[in-house]
There are 2 protein chains.
Amino acid sequence: MEYISQNVARNLKRVRKTRKMSLDDVAEQTGVSKSMLGQIERGESNPTVETLGKIVSGLRIPFTSLVNSANTDIIIVNKESLLPFKSVEGEYQFYEYFPYEESRTFEIYMMQIHPRAKNCSGGHGENTFEYLTVIAGILTLEAEGKIYEIKEGDSIRFPTHGDHIYSNNTDEILKFVITFTWN
Amino acid sequence: MEYISQNVARNLKRVRKTRKMSLDDVAEQTGVSKSMLGQIERGESNPTVETLGKIVSGLRIPFTSLVNSANTDIIIVNKESLLPFKSVEGEYQFYEYFPYEESRTFEIYMMQIHPRAKNCSGGHGENTFEYLTVIAGILTLEAEGKIYEIKEGDSIRFPTHGDHIYSNNTDEILKFVITFTWN
DNA sequence: TCATTTTGTGCGTTATACTGTATATTTTTT
DNA sequence: AAAAAATATACAGTATAACGCACAAAATGA
């Protein structure tokens, strides 16, 4: 209940308002109950794909217009409201700030590795790259058969067609931002 | 659980298979449980938008590629599996065979009106039209301030910017197919 | 052929999507 | 300002989405 549902909430409310329709009107036209529509607009519900289907079909709008974030919008991502996508307690946490979306050509993540821990990642396919910017600590990166040390404030770009390992060989926490891209 | 979920089912299975991934692989990459993915692929579940979000994001595919019916597909719509969208028992039933979808420029419905019953419809906006083909009975249509009688086998096209009324003034059931279009 | 591993399904539990009805809130009318 | 109407939220009940674990089925290897 935290990312796409909020897009749907804003988008649905926007189309309804610009069309000057009431919740009852939309309920009538889509076959989705008024209460559900209200909850969706308030971001209190995580609708099913069939419900979305009824809405887009009844309102005759493209699916993506509900689901995508209007790209004029300002988007604020709170780390708090963001549960780590991959996480091993006491080892590492991987946060998705701007994960894949069709309209973008890159993705932004944050990784946090605890002292003496590491994380191994498989390849991401041909012509994929990561840009790592270290915010705190020292990152030891193993990629393309070599080992790199990236210090706080530094940044690296490398191809990710092959396996790569992020490790924290220090006694302080390591944090870095990942921009992932392809082609 | 009946239309879009089936698209999702087929589409998800197709991408997974072409990528030669197991359910475990997809679960790992998306953060959606293996059992859920299995149910989705078997068309046994009606996933929420957040779950879909995790899938499209993890697999890096466009939202629409899950949701749309591959337009090479043959689509069979069973009346049985299709609960009437609008229905008043003993009066009329309105079935959505091919409702709005972005990739199409028309929609196809079927309407069934019981003896001596009628159905009133508001306007659908500028430059919208209906093509009605009567399959059984006699349709009495009121539109644009005039009254038309359409007999079994006949067809009519008329603009639907204004109110219109379908009535069955006979003692037999009335059935007709509606093709709705715009512009 | 039988073990071993890999991949998919079934099952019980919990959280919540969705509905209909009732209540609250806002807007409009008199 | 009060009454009436229109619109949005609250609530309670039911169905089911989503998960983790255990089992089954299929594929692989010895």
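Which residue pairs have Cβ atoms closer than 9 Å, lie 6 or more positions apart in sequence or on different chains, and pair a first residue in the stretch A:32-51 that is free of Cβ contacts under 8 Å to residues at least 12 places away in the same chain and basic (Lys, Arg) with a second residue that is near DNA strand D (Cβ under 9 Å from one of its atoms) and open to solvent by 40 Å² or more (accessible area, probe 1.4 Å)? Cβ pairs passing all conditions: A:Lys34/A:Ser22; A:Lys34/A:Leu23; A:Lys34/A:Asp24.
Run B:Thr30 past the list (1) within 19 Å of A:Gly122 (Cβ to Cβ); (2) away from chain A (no Cβ under 13 Å) and report the number of the one that doesn't hold. So the condition that B:Thr30 fails would be (2).
Residues in the stretch B:92-113 that are within 14 Å of B:Thr133 (Cβ to Cβ) and of a type in the set (A, V, I, L, M): B:Ile108, B:Met110, B:Met111. Of everything in the stretch B:52-70 that is of a type outside the set (A, V, I, L, M) and more than 8 Å from chain A (Cβ to nearest Cβ), the residue that is farthest from B:Lys20 (Cα to Cα) is B:Ser69. For the stretch B:108-135, residues that are acidic (Asp, Glu), at pLDDT below 85 and under 20 Å from the mean Cα position of the chain (by Cα) total 0.
The rows are residues; the columns are (1) of a type outside the set (A, V, I, L, M, F, W, C); (2) modelled with pLDDT of 90 or more; (3) open to solvent by less than 40 Å² (accessible area, probe 1.4 Å); (4) not in a loop (DSSP other than H, G, I, E, B).
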site: B:Ala9; (1), (2), (3), (4): no, yes, yes, yes
site: B:Val15; (1), (2), (3), (4): no, yes, yes, yes
site: B:Val32; (1), (2), (3), (4): no, yes, yes, no
site: B:Gly53; (1), (2), (3), (4): yes, yes, yes, yes
site: B:Val56; (1), (2), (3), (4): no, yes, yes, yes
site: B:Ala70; (1), (2), (3), (4): no, no, yes, no
site: B:Leu83; (1), (2), (3), (4): no, no, no, no
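The residues in the stretch B:34-51 that are open to solvent by 20 Å² or more (accessible area, probe 1.4 Å), more than 23 Å from A:Leu66 (Cα to Cα) and near DNA strand C (Cβ under 8 Å from one of its atoms) can be counted, and the count is 6.
Looking only at residues of the stretch B:10-28 that are over 30 Å from the mean Cα position of the chain (by Cα) and more than 13 Å from DNA strand D (Cβ to nearest atom), we find that the one that is nearest to A:Phe94 (Cα to Cα) is B:Asp25.
Note on the stretch B:18-33: residues that are among the basic types (Lys, Arg) and near DNA strand C (Cβ under 10 Å from one of its atoms) amount to 1. Scanning the stretch A:85-100 for residues that are modelled with pLDDT of 80 or more and within 11 Å of chain B (Cβ to nearest Cβ) returns A:Phe94, A:Glu96, A:Phe98, A:Pro99, A:Tyr100.
The values are calculated or read from the model by the stated rules, or taken from the named source; none is laboratory data. Please read these numbers as outputs of a predicted model, since none were measured by experiment. Positions of Cβ are generated from backbone atoms using ideal geometry, with glycine treated the same way; all protein chains shown enter the neighbour counts. These accessible areas exclude ligands, DNA and RNA; they are computed on the full protein's heavy atoms, side chains included. Shrake-Rupley method; radii C 1.70, N 1.55, O 1.52, S 1.80 Å.
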